[in-house]
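> Can you read through this structure? Questions will come right after.
The values are calculated or read from the model by the stated rules, or taken from the named source; none is laboratory data. Model, not experiment: these values are computed from the prediction. As a convention, Cβ positions derive from the backbone with ideal geometry for all residues, glycine included, and neighbour counts pool all protein chains shown. Heavy atoms of the whole protein, side chains included, go into the accessibility calculation; ligands, DNA and RNA do not. Shrake-Rupley method; radii C 1.70, N 1.55, O 1.52, S 1.80 Å.
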Amino acid sequence: MNPPALPASLFFYIKQTLHQAWPVLISAWASIAFGVIDTAMAGHASAADLQAMSLSVSIYITVFVGLMGVVHALIPIIGQHFGAQRHAEVGHAWGQGVWMALGLSVVGIAAMLVPDVWLSLSSGIEPQVHYGITWYLRALAFALPAALVFRTIYALGTAVSRPKMVMGINLVSIAFKALFNWIFIFGKLGAPALGAIGAGLSTAIVSWMTLAAGLWMLKHDTFYAGFNLKLYRPRWAAQKELLRLGLPMGGSYLVEVCAFSFMALLVAREGMFVTGGHQIMSNLVALCYMMPMAVGIAAASLTAQAIGANDVHRAQKTAQAGLIVVFVGAIATIVLLIVGKPMILAVYTNDLKVAAIAAALMQVIPYFHLCDAMQCINSYLLRAYKVAVVPMLLQIVALTGIGLIGGWWLGFGPAAGSLEPIIERVMPGAPIGAASLWLMSLIGLAISATLLYGWYRHILSQYRRGLG
């Protein structure tokens, strides 16, 4: 008689999480590289182009990330089907996800074609900047359906532990994005110099190329043949399941990104140089966020597979591994940010005023990133259990109520300037309005991370009792 198999060690689950997380991380970095490339290239075109791009991206990211969060409901749903060996259900869920992505695109396009509604939060926008924002968003509206449908392919590959092909597609897309940016922003190879508008046009072209590559992958990779992937007719029961989980997930995504989007719109009141410095800070925060997001997605998909297989030990250990990896990764990221600060600023801009403001704001980024990373991983672990409503409500209170509204109140509202003594100690040289927003966002993230971890422990306890 063979002895019973011993439970795998924590190191095994850390290794498994890292194995799935690194291609997700590379893929995420490739996606965020679009914004980094746009910011860097527009920053070397003109300050007006940088402001137009900054505000446009803030609006687009608000729309896209919120809708993407709804589509990402496919990850725990497909992950649990895959863990339970329900392969036919994997194919059906993906097909329904495509229909949902197309429907969400209509909503997103409508929101992006009314830039004046968004810009009402800002004041003093110059006509040249307003023109750039309008046409940049029109180009990105054309990109949105392709980007959301590609996210269903991303969700499928991640949920079944096959993220490398999507990673490869995203890496190749960076080269095309840089090429088309060079052509359309600066007017190369006979094209007109479109500035920020050219960045939007290049994103639209590359988004459709990326979707075509993803569909080709699904058709020709034999691994996916067993799922019988087809675009079945929409089923209301399946759409309800997706929306029941996806809407609060999208709400959580939206709460997180809205804080940054509305921060950019408020900071625009302090002028284009402060806007440029704030945009560099926002880009860095977003780039750093990709690490905990990638590990969170990997840990959530592996945890969902364990839940589908009714393996409580594997689910708990996978989640624990994700928490450890994110904490260690956050510390390493902070060290890189501190050591590489001069080089980072040189890459982003050659404008000394913009660089000085960005450098002042970056003084708070180590604390910000650590709190951001921990609240991120806990939110993803909860999604593995298909728990999204309470986390969304907790994030609304912490990130919107305390972070965004509190930052507006103390930075631009009735209590503007109240944090000036603290800012002079923590972020000397930073503009008061922008610095107030970043400080209050940091407090909101710290509260969110604490509350989400407490709720995850509560859900885990309930899950154990349910199986016991």
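> Over all alpha-carbon pairs in the chain, figure out the percentage whose distance exceeds 42 Å. Show your work: numbers first, answer last.
Details: 14801 of 109278 pairs.
So the pairs more than 42 Å apart make up 14 percent of the total in the chain.
> Provide the descending list of Cα extents for region 133-274 along its principal axes, expressed in whole angstroms.
Extents along the principal axes: 52, 38, 26 Å.
> Counting only the heavy atoms of the protein chains, how much of E270 is accessible to a 1.4 Å probe, in Å² to the nearest 10?
The accessible area of E270 comes to roughly 60 Å².
> Right, another one. Using all C-alpha to C-alpha distances in region 407-468, build P(r) with 10 Å bins and read off the rounded percent in each one.
Going out from 0 Å in 10 Å bins, region 407-468 shows 22, 31, 18, 14, 11, 3 percent.
> I want to check the label-to-label distance for I443 and H458. Put each point 7 Å from Cα in the C-beta direction and report it in nm to one decimal.
2.4 nm
> Separation of region 283-334 and region 83-109 by C-alpha centroid, Å?
After rounding, the separation between the Cα centres reads 23 Å.
> Under the definition of Cα pairs under 8 Å and six or more residues apart, what whole-number percent is the relative contact order of region 134-199? Walk me through the numbers on the way to the answer.
On the way: 39 pairs, mean separation 18.2, N = 66.
In percent, rounded to a whole number, it is 28.
> Averaging sequence separations of C-alpha pairs under 8 Å and six or more residues apart, then dividing by the length of the chain, give the relative contact order as a whole percent.
The value is 23 percent.
> Label 7 Å along Cα→Cβ of A84; region 235-250 residues with amide nitrogen under 18 Å?
237-246
> Between Y367 and L393, what is the FRET efficiency for a Förster distance of 30 Å, r being their Cβ-Cβ separation, to the nearest 0.05?
On the way: r = 25 Å, r/R0 = 0.83.
Efficiency, rounded to the nearest 0.05: 0.75.
> Further, regarding this structure: Tell me the mean residue ellipticity at 222 nm calculated for the chain from its helices only (DSSP H runs of n ≥ 4, each -39500 (n - 2.57), averaged over every residue, nearest 500).
Values: 18 runs with 372 residues, N = 468.
Result for the chain, helices only: -27500 deg cm²/dmol.
> Continuing with the same structure: Could you work out how much longer the chain between V312 and K15 gets when fully extended? Use 0.36 nm per residue separation minus the Cα distance between them, nm to one decimal. All intermediate terms of the calculation are to be shown ahead of the outcome.
Working: separation 297, 0.36 × 297 = 106.92 nm, distance 1.87 nm.
Taking V312 through K15 to full extension adds about 105.0 nm, to one decimal.
> Moving on to the next point. Normalised by the residues of region 278-364, what does the relative contact order come to in percent, with Cα pairs under 8 Å and at least six apart? All intermediate terms of the calculation are to be shown ahead of the outcome.
Numbers: 42 pairs, mean separation 31.4, N = 87.
Rounded, it is 36 percent for region 278-364.
> Next up: In whole angstrom, how far apart do the alpha carbon centroids of region 160-198 and region 239-256 sit?
If we compute the Cα centre of each part, the gap is 29 Å.
> Oh, and also: Between W236 and F186, how high is the FRET efficiency from 1/(1 + (r/R0)^6) when r is the Cβ-Cβ distance and R₀ = 30 Å? Nearest 0.05. Each step should come with its number before you reach the end.
Numbers: r = 49 Å, r/R0 = 1.64.
FRET efficiency, W236 to F186: 0.05.
> With respect to the cross-link table entries K15/K240; K164/K188; K164/K386; K15/K164, which display a Cα-Cα separation exceeding 28 Å?
K15/K240; K164/K188
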